[in-house]
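The values are calculated or read from the model by the stated rules, or taken from the named source; none is laboratory data. Being a predicted model, the structure only gives us computed values, none of them experimental. Glycine gets a Cβ as well: all are built from the backbone with ideal geometry, and neighbour counts include every protein chain shown. Note: accessible area is taken over every heavy atom of the protein model, side chains too, but ligands, DNA and RNA are not part of it. Shrake-Rupley method; radii C 1.70, N 1.55, O 1.52, S 1.80 Å.
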Amino acid sequence: MSTKLLTHIQQLVNVRTDDSPLYGKEMADLPCLENAWLLIQEKEIVSFGKMDDLHQEIPKLPEEQINCSGRLVMPAWCDSHTHLVFAGSREMEFVDKIRGLDYAQINARGGGILSTVGQINSISEDELFRLSWERLEEVARGGTGAIEIKSGYGLTVENELKMLRVIRKLKDKSPIQIKSTFLGAHTYPLQYRENHPAYIKIIVGEMLPVIARDKLADYIDVFCEKGFFSTEETETILLAGQQYGLRPKLHVNQLHSIGGIATGIKMNAVSLDHPETMDPEDLELLRNSGWKGFCTLLPSAAFFLRLSYPPARKLLEGGAALALASDYNPGSSPSGNMNMVIAIACIQMKMMPEEALNAATINGAFAMGLGHVLGSFRPGKLANLIISTPVPSLAYLPYRFGMNCVEKVMLGGQFVA
C-alpha cells in the first residue's frame, strides 16, 4: 500500500469535518491548521493534525515523507466552467477587439463561436483528443484537480457527439476528475439563424436521445443571451434535457440582462454562470428566491473582453454561494490558469483571499457534484492537492499575481507536477 506523509506544513488550508456549500458570509471562513501533517494512503486522505501530535497519532512513520516547511498545502482547484475541448486559436479576433469590435459584432459576422465551430468540424476525433489532452495536462500542472468541460463548438449531431466522446476519453484517461456538459445551444449555426425552431428540433430530437443513450453528458447548458437563445428557447431546451436526467448549468447575464436569472431559478439550475451584467432586480431575485445553486464567476473572461466584472460583493451580501472558474476557451478566455483567476477575483472584484480560495475549491467542487470527494481536506476524500512554493501567507498567492506559486501538484495520491 502506497503511503505518503506530508510534514511541517506551514498551513494546511481548508480543513473541514463536515462539508456543505458555503453561502454569503460563510465564504469568509477558511479553516486552516498551522504547522501540520497530512497522511495519504493510495488515493485518499487518511488523517491530519498538528506536528506536535504526530508521533502520538502515527507511532510508526511511513518511509515516504515530504517536508513542506514554509509551504501551504491546499486542495487542488475545482474549475467548474470550461470549454477546454476546441481546435485552433482566435488571436486575430483578439486584435479585432483591440481595434474596437465587440463580442457580439464579431459573432454576427461569422467569427466568434462559429469560427471555432468550423475548425472542430474539419478536425479528426483523434487530433481533437490530442490537442485537448495537452491542455488538460497543462492545467493539471497549474493545480487544477477537477474540471467541467462543455461541448458547443460542433453544432451538428456528428460534431457535438465527437466533442462529447473526446471529453469521455479525457475522463477515462486523466487523473483529473471531469464532468461533461452538453452545450449544443451555444449559438445558432448560420443556416438556422432565421429558423430557430428547426435547430432546437435537432437538439431535442436528434442530439439529446443519443447523448442520453451513450451517457455522454452530466449536465446541459444554454447560452441565454440577446442574439443567442431567448429565455423561452432556453426553457424549451432545458426541459428536454431534464427528461433525460441532465441538470442545467446556464450561461446568463454575460452581456445583457434578459431574464436568464429568473429562468435559471425556475429550472432549478445547478449554477448560473457569468453574471457580469446584473440589474438590481436580478440581485433581489437571487436574494429572495430561495434558490440554492451557485453563481459561477468567470473574472478572466471579463478581464479579456474588458467587460464589467461580476458584482461579487453584492452577491455575497445577498447570501449567494459563489464559485470561481476559468471559462477556458479560445475566444473570450484563452487561459485555464486558476491561479490568475483567483488573483483577478481579489484585485478586481474585491473578494477576500479566503473567499476566493473557498470559491475555487469547496464551492467549485459542489458546483460539479463533487463536494463529497474534493474541495477540502477531510478523511476519505481524494488526495488532490497543491503544495505551494515557500510563501509567507495565504494572501501572498493573489498578491503575486501572474507568478507561479505552485511547486507540486498531487492528483489521486500521485504527483503529476
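Here r is the Cβ-Cβ distance between Glu44 and Ser69 and R0 is 30 Å; the resulting FRET efficiency, rounded to 0.05, is 0.80.
Taking amide H atoms as placed 1.01 Å from N in the peptide plane, the amide H of Phe377 lies under 5 Å from those of Val15, Arg16, each 5 or more residues away in sequence or on another chain. What the phi angles of region 374-386 give under the Karplus curve with 6.51, -1.76 and 1.60, with θ = phi - 60°, is a coupling list of 9, x, 7, 9, 7, x, x, 7, 5, 7, 9, 8, 10 Hz, glycine and proline written as x.
Its residues counted as N, region 120-233 yields a C-alpha radius of gyration over 2.2 N^0.38 Å of 1.11. What the pair-distance distribution of region 222-309 shows, using all Cα-Cα distances binned every 10 Å from zero, is 18, 52, 27, 3 percent.
Where does region 166-214 land on Rg/Rh, using Cα atoms and the Kirkwood Rh?
1.11
For region 265-309, pairs of C-alpha atoms spaced more than 13 angstrom apart make up 59 percent of the total.
The lysines whose alpha-carbon is closer than 23 Å to the alpha-carbon of Lys314, local same-chain residues fewer than 8 away aside, are Lys25, Lys249, Lys266, Lys292, Lys350.
Using Cα springs under 10 Å in a Gaussian network model of the chain, which residue among Leu131, Leu250, Leu155 shows the largest mean-square fluctuation? Looking only at Leu131, Leu250, Leu155, the biggest GNM fluctuation is shown by Leu131. Rounded to the nearest 20, the size of the Cβ-charge dipole of the chain about its Cα centre is 260 debye, with Lys and Arg at +1 and Asp and Glu at -1.
Sorted by accessible area (1.4 Å probe), largest first, how do Thr277, Thr116 line up?
Ranked list, largest accessible area first: Thr277, Thr116.
The Cβ shell under 12 Å around Ser80 holds other residues with a net charge of -3, Lys and Arg each +1, Asp and Glu each -1.
Where does the charge balance sit around Ala367 when Lys and Arg score +1, Asp and Glu -1, over other residues with C-beta under 14 Å from its C-beta?
Charge balance in the 14 Å sphere: -2.
Close Lys pairs in region 63-197 (alpha-carbon distance under 19 Å; sequence gap of 8 or more, or different chains): 10. The spacing between region 83-138 and region 212-247, judged by their C-alpha centroids, is 22 Å.
For region 1-94, the normalised intensity computed at q = 0.11, 0.24 Å⁻¹ comes to -0.48, -1.30 (log10 of I(q)/I(0), Debye sum over alpha carbons, equal scatterers, no solvent).
Got a sec? Charge dipole of region 212-320, +1 on Cβ for Lys and Arg, -1 for Asp and Glu; which of Ser257, Thr277, Ile220 is way out at the positive end? Towards the positive end, the residue furthest out is Ile220. In the neighborhood of Leu61, defined by Cβ-to-Cβ distances under 14 Å, what is the net charge if each Lys or Arg adds +1 and each Asp or Glu adds -1? Charge balance in the 14 Å sphere: -2. With all projection directions averaged, the alpha carbon convex hull of region 271-417 covers 9.4 nm². Axis of helix 157-173 versus longest Cα principal axis of the chain: the two differ by about 10°, to the nearest ten degrees.
Using the average count of surrounding beta-carbon atoms within 10 Å as a protection proxy, the listed peptides 391-403, 285-297 rank, highest first, as 285-297, 391-403.
Hey, any idea what % of the chain's accessible area is carbon plus sulfur with a 1.4 Å probe?
Whole-percent figure for carbon plus sulfur exposure: 51.
Taking θ = phi - 60°, what integer Hz values does the Karplus form 6.51 cos²θ - 1.76 cosθ + 1.60 yield along region 310-316, in sequence order, with x for Gly and Pro? Couplings: x, x, 4, 5, 5, 5, 5 Hz. This model, with +1 at the C-beta of Lys and Arg and -1 at the C-beta of Asp and Glu, gives region 146-295 a dipole about its Cα centre of some 780 debye.
Translational D (Stokes-Einstein, µm²/s) of region 347-395 at 20 °C and 1.002 mPa s when Rh comes from the Kirkwood sum over C-alpha pairs? Spell out each step's value before the answer.
On the way: Rh = 12.2 Å.
Rounded to a whole number, D works out at 176 µm²/s.
In the chain, the DSSP-assigned H stretches of four residues or longer account for a calculated mean residue ellipticity at 222 nm of -9500 deg cm²/dmol, using -39500 (n - 2.57) per stretch and the full residue count as denominator. Taking all protein chains together, His83, His196 sort by accessible area into His196, His83, largest first [probe 1.4 Å].
Note on Kirkwood radius over Cα pairs in Å: of the candidates (i) 21.7; (ii) 22.4; (iii) 23.3, the value calculated from this structure sits at (i).
Counting 0.36 nm for each residue step from Glu407 to Asp18 and taking away their Cα separation leaves a gain of 137.2 nm.
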